[in-house]
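Below are the structure tokens for one structure; questions will follow.
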Amino acid sequence: MTLGRIMLEIRGVSKTFATEKGETVQALAGIDLTVAEQEFVCILGPSGCGKTTLLRIIAGLDRPTTGEILVEGDAVTAPSPKMAMIFQEYSLYPWRTVLDNIAFGLEVRGMERAERYSIVGRYLKLVGLEGFSGSYPYELSGGMRQRIAVARALAIEPAVLLMDEPFGALDAQTRNLMQRELLEIHNKTKKTILFVTHSVDEAVFLADRIVVLTTRPGRIREIIPVQDGRPRERTSPEFVQVRRHVLDLITEK
Amino acid sequence: MTLGRIMLEIRGVSKTFATEKGETVQALAGIDLTVAEQEFVCILGPSGCGKTTLLRIIAGLDRPTTGEILVEGDAVTAPSPKMAMIFQEYSLYPWRTVLDNIAFGLEVRGMERAERYSIVGRYLKLVGLEGFSGSYPYELSGGMRQRIAVARALAIEPAVLLMDEPFGALDAQTRNLMQRELLEIHNKTKKTILFVTHSVDEAVFLADRIVVLTTRPGRIREIIPVQDGRPRERTSPEFVQVRRHVLDLITEK
Amino acid sequence: MRRFIPILLPLCILAGWEIAAIAINNAFFLPRLESVLDVLLNPLQDRLGSGSLFSNAILSVERVVLGFLLAAAIAIPLGIGMGRSSVLNAFFDATIQLFRPIPPLAWVPLALAWFKIGLTSILFIIFLGAFFPILLNTIEGVRGVKQTWVEVAATLGADERQILAKVIVPGAAPIIWTGLRVGFGIAWMCVVAAEMLPGASNGLGYLMIYAFNFGQVQVIIAGMIVIGLIGLAFDALFKWVERSRFRWRGLER
Amino acid sequence: MRRFIPILLPLCILAGWEIAAIAINNAFFLPRLESVLDVLLNPLQDRLGSGSLFSNAILSVERVVLGFLLAAAIAIPLGIGMGRSSVLNAFFDATIQLFRPIPPLAWVPLALAWFKIGLTSILFIIFLGAFFPILLNTIEGVRGVKQTWVEVAATLGADERQILAKVIVPGAAPIIWTGLRVGFGIAWMCVVAAEMLPGASNGLGYLMIYAFNFGQVQVIIAGMIVIGLIGLAFDALFKWVERSRFRWRGLER
Amino acid sequence: TTTQPSGPTVGLLNAKGTGAMPTLLATGQIDGYIAWQPFAEVAPVAHIGKVVTYSQNLPPASRWKNHPCCVLTAREDILAANPGIVDSLAVVTILSTQYLNTHPNESAELVADWLAGKGNFTYGNISVSSVEVLDRAFPTVKFTNEPSEDWQSGQLEFVYALRELKVMTGSLQNSTESQVRSLLFDTSVYGRAKQQIDAKQFTTPPAVQRQLGIGYLMSDHDASLFIAVKKWQYFNDTYGIALKPRDPTQSRPDLADLIVNGKTVATFKLVAGDAGPALMQLSSIDTVQFAYVGNPPAMAAIDKGTPVKILMALNTEGSGLVVSLNSPANDWDTFAQWAKDRAAAGKPLVIAVPSKGSIQDILLRYALEESNIGVKEV
Ligand SMILES: Nc1ncnc2c1ncn2[C@@H]1O[C@H](COP(=O)(O)OP(=O)(O)OP(=O)(O)O)[C@@H](O)[C@H]1O
Ligand SMILES: Nc1ncnc2c1ncn2[C@@H]1O[C@H](COP(=O)(O)OP(=O)(O)OP(=O)(O)O)[C@@H](O)[C@H]1O
Ligand SMILES: [Mg+2]
Ligand SMILES: [Mg+2]
């Protein structure tokens, strides 16, 4: 399905951490991956296999031990405005209102208040939280918070969205709802999305391609394209078949 | 499947909380349920529907606003040695070793050290953590901790195990593993188990009967017997069929 | 009924005091309640040629506020630096640890030599009282700022200065505020020591010590009560700001 | 290289001191480093007929330890009571809040009248310094004990007394310990004020004040250094226990 | 002053100032105290004790008549650089001393205003005006300035006593009598000031620009300073030389101008201290250039090399030995007998002194030794 222009290239990335005791932990080993424009890629793997590490390296928050990352052909060495990351844990600023949380990226760019609030308004609407602009994060449910984190990331108009298990802390119903909304946003904004999860269901429901990693050090075990059109039906035979294939991949040792 | 002797009866239980602001919140409304000896019942429902509240009332930690609970025919008004509860959040005592955590219930009964350690040894083995008796909880993974919580509950030899989303904080793989182990323990110890979850998959995989609650105030929407024998195959047609039925129940509004 | 519980003990103390004062009948041991009330209820009357209770209290408050602001102005920037940079921390830490346990009172002789008589040495003593709690809390607060908050800001394009101003400082603010509250409390407690310095010829502390020379125990007790009440009022003020401005901290997550 | 950073500032201070002392050439303002070292390096030599630095330090430590233990013996049980019972809390809270801001030094006149000259009034002043931090931390620690821990114990059959001894106290222990550490620190800082009492004719505080009477500034500075070092040593001791006994607190979850 | 292991003893308690003395006596923790005025007088007015004897009546008989007490000190550098200012201040002090000797009642009232705002002291249901206290205290102090030969040799006694207490560690520790004299005194100032007064001709010294400081104690011993400031108008009108307070409404002014022949020649900050040592420290760091202090702190400071000189006396006598109301003592002899009886009964007296090495401490030690009573520090 790599039909579009190349947006992101991961070239031979590996990462070794030095722990406090002086030992080394290899988190990633030789990851190669090319992601096309507008593509939705899910990264799936067991806990501790290096998913977060990979996403952080792509975002420019960590440096790879070997290899490099290219976004639209440019090497990434520091956080870049072309990419925005949504973290696993809640990451909103609790002392800022919803409005000012979403406006953060625009504010640090020196955009004027009136202008940034009008932009923020658009994204608030996109994530369906128009009425909550004056609320504080602690007044909102987990699902609403992650929607705001998505709006905050989108507001700086990045080309790539990096999402690290954003729905991991949500309950099943909310999670399903958020998945559907994310697909809608993807459809409207045409972003390239890299989405980390360890839920097989989630990956099969969302992805154009699923990248399955091995246990630590994480390597690419297999890349599974999901041909099924959208919206997907979780009980359709196609869905169940891909799901079974991925499940088999991760349960066999 | 209510073949055995009646172990637990929930009779017309409802619960209304008074909040700090003086408002009232009705969490449960008229719950009736009878559970047989050795039965494995899963309670499924959306977040905030009162699952935890129900379990706490059964355990004798809260008093119902109306209705009553009977265990082996006796009314429950306070925590009773016939039941043990495993909590949603990690609940081990971090200042005690694994051994002394499991021994807690025996210790407060005044059992001698030698005797209680020999009993604890048995349960450590049952949950497959023989080598960890001297470890502290913070040295263990989430899955190991919940296994110890199970051993601690089992050590007092209750007739009923009450489990409140015990695997909610675990990752998918560990969760699957724990589910299989729990079934094994159920098989070996023949306990009656009430298991709260909001994962449809989990409920279908574990339960003899699934009790689906409505949104708040929680009422019983439907009780679904699962006839499928064990071990169950998550991709078998029977499994998928029950799963779809339950999913339909909770997604329709 | 319950509403009266808080005033029970104070009433008992007052009653016990009066009974004891009458029984003992020794103004040096325990002056009568009335004689203390007389001082408290005539706050504008001159005492021993040293000004009134009220004017001395105002002076003491002014001095403490000044010394406290000075301490905050140095401790907060230093604490932010030490919290962010391990080199700065290593540079200052040992020295600070050594100076911290030295009571402000012990500095009186040197304060006198170095800062001469007058406001400066009084401020120095008060400064010493407030400095360390503010510094230590600032360091702790800055270290406690979630790494995720900082990384979100980095991915959204904030530079070092913006991260400091928009993430570190507001994120650490609740803990810094606690430090300010504790620091003010200790500064306030140092006022008696500070006003013992030669050249201080007014202030609550001075008034109390001077009254001691003439055996005016009722003035001493009135002074203690005023110190207690003012301390209580400031503490309440700090707590009120804490509740209204930093409510997010308690409610977070 | 980095290892030397901590000693840089102390070295600068010492060098600056010596240069300033030579330049100013006034032992009242700043005695020469050597003269202070001479006092510190002859800790067993009698000073001004008031005993040696060492013997006075021992005396001060004994007094502080005694006053501190007394404070702990009252504050911990009271704090547990107040933390557990809202009635007890309401009964004591207002009074404690009023007494808390009154500096120990301000109690000197009353201490003298009530507890007579001698050890008792010295202990009273030290007691006042240690009491409030221990009390407030105990209350906080007890309130912070996870409700789940208590409920687990209840379901496992523990009675009120056992819950107190086996859950509340060990669960609150780390915070109580912090209170003890802070309380000891303040008690130690009160030793100068306490030993200013008439009738105290030894102890570090006395030695310093006495030295002040005769312009022996080098003895005062030596005393301050000894106070700082002893304070540091006790703080380190408390922290060491904290790290070894209450390690679980930092690592929990 | 040496402790006698056998024989009767009295316990001396270091009360660290006078503050605690009334409380200690009123709560039965001490049997008496010796203190400077007006604090000796607090006991009788509060009905907690009586004065058995004033310091000049302590044994050996007539030895302590006119015993030295508070002195005026000046830094050597100001003596060298602005001798005229020093002379003028000495003139003001001497004139003021003369005034308070001739107007004792008015002076007592002014001092009461300075020390206590003329306010009342309240002890239970007794309420006494501070004026009354000062009226009682005033006659027990002798105000005199002359640094006479007698007075100087009296001072030397204190040097020896301080040596015995082992608190002399510097230049006064081993020096000869003449060395001690030249280290301690500069009596020429008194001579010049007296000349001006006798000639009724007051020299206007060159003005000093920087603000100077005078340290003093809260005691009627330093009344000459208080009277000089409070009665500045009188001195200015009569002699053309005065210390004019900046704010005359203050009961305790803290800033005053020295005016000579209508010209302001210096401005002084007036710094009150609880005790002499802090004032001498302030002298040593040049924060105050003049100090009205007791002689032991001045001596201890000079011993440590502080560049100050004692210029003249401010008062002699003026301390009192106070005992509890139920004591059988009425004078020194009955006091000594009481001390012996109590020692024999195994309950030796405890007497509080303002601090070890203070005038009062030294006087009491000598007196007890004279009566064959040992001392024990408690
Ligand atoms: N800063 C670090 N220092 C040392 N080791 C690290 C560091 N960060 C991560 N690791 C280790 O690298 C491995 C991969 O961690 P990572 O967080 O990327 O896993 P993950 O796949 O995101 O896991 P999860 O699904 O639990 O979030 C783990 O073993 C982890 O302990
Ligand atoms: N002590 C309480 N006081 C007031 N309201 C309460 C109290 N405990 C629970 N509630 C309310 O009762 C309702 C049911 O809560 P409960 O915790 O039983 O839900 P749950 O089904 O366990 O949810 P989850 O799946 O999120 O654990 C919620 O709305 C909750 O806010
Ligand atoms: Mg991760
Ligand atoms: Mg729940």
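The values are calculated or read from the model by the stated rules, or taken from the named source; none is laboratory data. In this text, all values refer to a predicted model and were calculated from it rather than measured experimentally. For neighbour counting, all protein chains shown are included, and Cβ atoms are generated from backbone atoms with ideal geometry for every residue, glycine included.
In region C:125-152, how many residues are surrounded by fewer than 24 Cβ atoms within 10 Å (Cβ to Cβ) and either at pLDDT 95 or above or not in a loop (DSSP other than H, G, I, E, B) (or both)? Write out each step before concluding.
Keep residues of region C:125-152 that are surrounded by fewer than 24 Cβ atoms within 10 Å (Cβ to Cβ), which gives C:132-133, C:136, C:140, C:142-151.
Checking the rest, the ones that are also either at pLDDT 95 or above or not in a loop (DSSP other than H, G, I, E, B) (or both) come to C:132-133, C:136, C:140, C:142-144, C:147-151.
Of the residues in region C:125-152, 12 are surrounded by fewer than 24 Cβ atoms within 10 Å (Cβ to Cβ) and either at pLDDT 95 or above or not in a loop (DSSP other than H, G, I, E, B) (or both).
If you don't mind, there's one more thing I want to ask. In region A:194-231, how many residues are more than 16 Å from ligand 3 (Cβ to nearest atom), of a type in the set (D, E, K, R) and crowded, with 19+ Cβ neighbours inside 10 Å?
Selection size over region A:194-231: 3.
Could you tell me which of the residues B:HIS198, B:HIS245 is more than 16 Å from ligand 4 (Cβ to nearest atom) and touching a strand residue (DSSP E or B) at 6+ places or on another chain (Cβ under 7 Å)? Working first, answer last.
Values: B:HIS198 fails: more than 16 Å from ligand 4 (Cβ to nearest atom).
None of the other options fit; the residue is B:HIS245.
On to the next question. Can you name the residue in region D:195-212 that is in a helix (DSSP H, G or I) and facing chain C (nearest Cβ under 10 Å) and is also surrounded by the fewest Cβ atoms within 10 Å (Cβ to Cβ) among such residues? Steps first, please.
Within region D:195-212, the subset in a helix (DSSP H, G or I) is D:204-212.
Still in the running and facing chain C (nearest Cβ under 10 Å): D:204-205, D:208-209, D:211-212.
Details: D:LEU204: 26, D:GLY205: 27, D:MET208: 26, D:ILE209: 25, D:ALA211: 24, D:PHE212: 21.
Looking at residues that are in a helix (DSSP H, G or I) and facing chain C (nearest Cβ under 10 Å), I get D:PHE212.
Okay, next question. Is it the case that A:GLY12 is surrounded by fewer than 17 Cβ atoms within 10 Å (Cβ to Cβ) and away from ligand 2 (no atom under 16 Å from the Cβ)? Can you show your working first?
Working: surrounded by fewer than 17 Cβ atoms within 10 Å (Cβ to Cβ): yes; away from ligand 2 (no atom under 16 Å from the Cβ): yes.
Yes: the conditions hold for A:GLY12.
Count, please, the residues in region D:153-177 that happen to be touching a residue at least 24 places away in the same chain (Cβ under 8 Å) and either among the small types (Gly, Ala, Ser) or not in a helix (DSSP H, G or I) (or both).
Initial filter on region D:153-177 (touching a residue at least 24 places away in the same chain (Cβ under 8 Å)): D:164, D:168-169, D:171-177.
Filter once more, so that each one left must be either among the small types (Gly, Ala, Ser) or not in a helix (DSSP H, G or I) (or both): D:171-173.
Adding up the residues that qualify gives 3.
Every residue in region B:19-61 that is of a type in the set (Asp, Glu) and either within 16 Å of ligand 4 (Cβ to nearest atom) or surrounded by fewer than 19 Cβ atoms within 10 Å (Cβ to Cβ) (or both), please. Reasoning before the result, please.
In the first step, residues of region B:19-61 are kept if they are of a type in the set (Asp, Glu); the result is B:20, B:23, B:32, B:37, B:39.
Across region B:19-61, the qualifying residues are B:GLU20, B:GLU23, B:ASP32, B:GLU37.
Another question about this same structure. Residues in region B:92-114: is at least one in contact (Cβ under 8 Å) with a residue 60 or more places away in the chain and under 15 Å from the mean Cα position of the chain (by Cα)?
No, region B:92-114 contains no residue that is in contact (Cβ under 8 Å) with a residue 60 or more places away in the chain and under 15 Å from the mean Cα position of the chain (by Cα).
Now, a different point. So which pairs qualify, if the first residue must be in region A:29-52 and on the phi < 0 side of the Ramachandran plot and within 15 Å of ligand 1 (Cβ to nearest atom), the second must be in a loop (DSSP other than H, G, I, E, B) and polar (S, T, N, Q), the Cβ gap must be under 6 Å, and the two must be at least 6 apart or on different chains?
A:PRO46/A:THR215; A:CYS49/A:THR215
For region E:215-332, give me every one of the helices (runs of 4 or more DSSP H) that falls completely inside it and has 2 or more residues that are in contact (Cβ under 8 Å) with a residue 24 or more places away in the chain and away from chain D (no Cβ under 14 Å). I'd like the intermediate steps shown before the answer.
Details: elements: E:223-230, E:232-239, E:276-284, E:295-303.
Here the list reads E:223-230, E:232-239.
How many residues, within region D:5-58, are more than 12 Å from chain E (Cβ to nearest Cβ) and more than 30 Å from E:GLU377 (Cβ to Cβ)?
Going through region D:5-58 one residue at a time, the tally reaches 22.
Report, by residue number, each residue of region B:130-153 that is more than 11 Å from chain D (Cβ to nearest Cβ) and buried (at least 22 other Cβ atoms within 10 Å of the Cβ).
Those that are more than 11 Å from chain D (Cβ to nearest Cβ) and buried (at least 22 other Cβ atoms within 10 Å of the Cβ): B:GLN146, B:ARG147, B:ILE148, B:VAL150, B:ALA151.
Taking region D:231-253 on its own, how many of its residues are touching a Phe, Trp or Tyr at 6+ places or on another chain (Cβ under 7 Å) and facing chain C (nearest Cβ under 9 Å)?
2
For region A:172-182, give me each residue that is more than 15 Å from the chain's Cα centre (by Cα) and either within 16 Å of ligand 4 (Cβ to nearest atom) or more than 14 Å from chain B (Cβ to nearest Cβ) (or both).
A:ALA172, A:GLN173, A:THR174
Please go through region E:339-378 and pick out each residue that is away from chain D (no Cβ under 14 Å) and of a type in the set (Gly, Ala, Ser).
E:ALA339, E:ALA343, E:ALA344, E:ALA345, E:GLY346, E:ALA367, E:SER371, E:GLY374
Now for a different question. Looking at B:LYS21, is it within 16 Å of ligand 2 (Cβ to nearest atom), touching a Ser or Thr at 6+ places or on another chain (Cβ under 6 Å) and charged (D, E, K, R)?
Numbers: within 16 Å of ligand 2 (Cβ to nearest atom): yes; touching a Ser or Thr at 6+ places or on another chain (Cβ under 6 Å): no; charged (D, E, K, R): yes.
No; evaluated as a whole, the condition is false for this residue.
Kindly indicate which of A:ILE156, A:ILE185, A:ILE119 is away from ligand 2 (no atom under 16 Å from the Cβ) and more than 14 Å from every other protein chain (Cβ to nearest Cβ). Working first, answer last.
Details: A:ILE156 fails: more than 14 Å from every other protein chain (Cβ to nearest Cβ); A:ILE119 fails: more than 14 Å from every other protein chain (Cβ to nearest Cβ).
Testing whether each residue is away from ligand 2 (no atom under 16 Å from the Cβ) and more than 14 Å from every other protein chain (Cβ to nearest Cβ) leaves just A:ILE185.
While we're looking at this one, here's another question. Does A:ALA169 satisfy being under 18 Å from C:ALA153 (Cβ atoms) and either within 16 Å of ligand 1 (Cβ to nearest atom) or within 9 Å of another protein chain (Cβ to nearest Cβ) (or both)?
Details: under 18 Å from C:ALA153 (Cβ atoms): no; either within 16 Å of ligand 1 (Cβ to nearest atom) or within 9 Å of another protein chain (Cβ to nearest Cβ) (or both): yes.
Spelling it out, it is not the case that A:ALA169 is under 18 Å from C:ALA153 (Cβ atoms) and either within 16 Å of ligand 1 (Cβ to nearest atom) or within 9 Å of another protein chain (Cβ to nearest Cβ) (or both).
For region A:208-220, check the following and say yes or no: at least one residue is away from ligand 1 (no atom under 13 Å from the Cβ) and closer than 19 Å to A:ALA27 by Cβ. So that I can check it myself, show each step before the final result.
Here is the first cut: in region A:208-220, the residues away from ligand 1 (no atom under 13 Å from the Cβ) are A:208-210, A:220.
Narrowing further to those that are closer than 19 Å to A:ALA27 by Cβ: A:220.
Scanning region A:208-220, I find at least one residue that is away from ligand 1 (no atom under 13 Å from the Cβ) and closer than 19 Å to A:ALA27 by Cβ, so the answer is yes.
Looking at (1) part of a helix (DSSP H, G or I); (2) over 30 Å from A:LEU44 (Cα atoms), which is the only condition B:ILE193 fails?
(1)
Okay, next question. Find the residue count for region C:213-253, including only residues that are in contact (Cβ under 8 Å) with a residue 24 or more places away in the chain, at positive phi and surrounded by fewer than 24 Cβ atoms within 10 Å (Cβ to Cβ).
Residues meeting the conditions: 0.
Okay, moving on. Select from region A:46-68 the residues that are touching a Ser or Thr at 6+ places or on another chain (Cβ under 7 Å) and within 14 Å of chain B (Cβ to nearest Cβ) and write down the one among them that is nearest to ligand 2 (Cβ to nearest atom).
Across region A:46-68, the extreme among qualifying residues is A:PRO46.
Is it fair to say A:ALA36 is within 19 Å of A:ILE220 (Cα to Cα), touching a Pro at 6+ places or on another chain (Cβ under 9 Å) and either away from ligand 3 (no atom under 16 Å from the Cβ) or among the hydrophobic types (A, V, I, L, M, F, W, C) (or both)?
Judged against the criteria, A:ALA36 is not a match.
Here is a follow-up. Out of the residues in region B:168-190 that are under 26 Å from B:GLY60 (Cβ atoms) and outside any helix (DSSP H, G or I), state the one that is farthest from ligand 3 (Cβ to nearest atom).
The extreme case among them is B:LYS190.
Would you check if there is a residue in region C:56-72 being among the aliphatic types (A, V, I, L, M), touching a helix residue (DSSP H, G or I) at 6+ places or on another chain (Cβ under 7 Å) and at pLDDT below 90? Can you show your working first?
In the first step, residues of region C:56-72 are kept if they are among the aliphatic types (A, V, I, L, M); the result is C:57-59, C:61, C:64-66, C:69-72.
Keeping just the survivors that are touching a helix residue (DSSP H, G or I) at 6+ places or on another chain (Cβ under 7 Å) gives C:57, C:61, C:64, C:66, C:70-72.
Now narrow it down to the ones that are at pLDDT below 90: none.
No, there is no match, as no residue in region C:56-72 is among the aliphatic types (A, V, I, L, M), touching a helix residue (DSSP H, G or I) at 6+ places or on another chain (Cβ under 7 Å) and at pLDDT below 90.
Being more than 13 Å from chain C (Cβ to nearest Cβ) and either of a type in the set (A, V, I, L, M, F, W, C) or away from ligand 3 (no atom under 16 Å from the Cβ) (or both) narrows it down to one of A:ARG113, A:ARG109, so name that one. First the steps, then the outcome.
Numbers: A:ARG109 fails: more than 13 Å from chain C (Cβ to nearest Cβ).
On inspection, the qualifying residue turns out to be A:ARG113.
Each row is one residue, and each column tells you yes or no for (1) touching a Lys or Arg at 6+ places or on another chain (Cβ under 7 Å); (2) more than 16 Å from ligand 1 (Cβ to nearest atom); (3) modelled with pLDDT of 85 or more; (4) closer than 25 Å to B:SER80 by Cα.
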site	(1), (2), (3), (4)
B:GLY143	no, no, no, no
B:VAL160	yes, yes, yes, yes
B:GLU165	no, yes, yes, yes
B:LYS191	no, yes, yes, yes
B:ALA203	no, yes, yes, no
B:ARG230	no, yes, no, no
B:GLN241	no, yes, yes, no
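Would you kindly identify the helices (runs of 4 or more DSSP H) lying entirely within region B:67-167 that contain at least 1 residues that are hydroxyl-bearing (Ser, Thr, Tyr) and over 19 Å from B:VAL41 (Cβ atoms)?
Working: elements: B:98-102, B:104-108, B:113-126, B:142-155.
In region B:67-167, B:113-126 are the helices (runs of 4 or more DSSP H) which contain 1 or more residues that are hydroxyl-bearing (Ser, Thr, Tyr) and over 19 Å from B:VAL41 (Cβ atoms).
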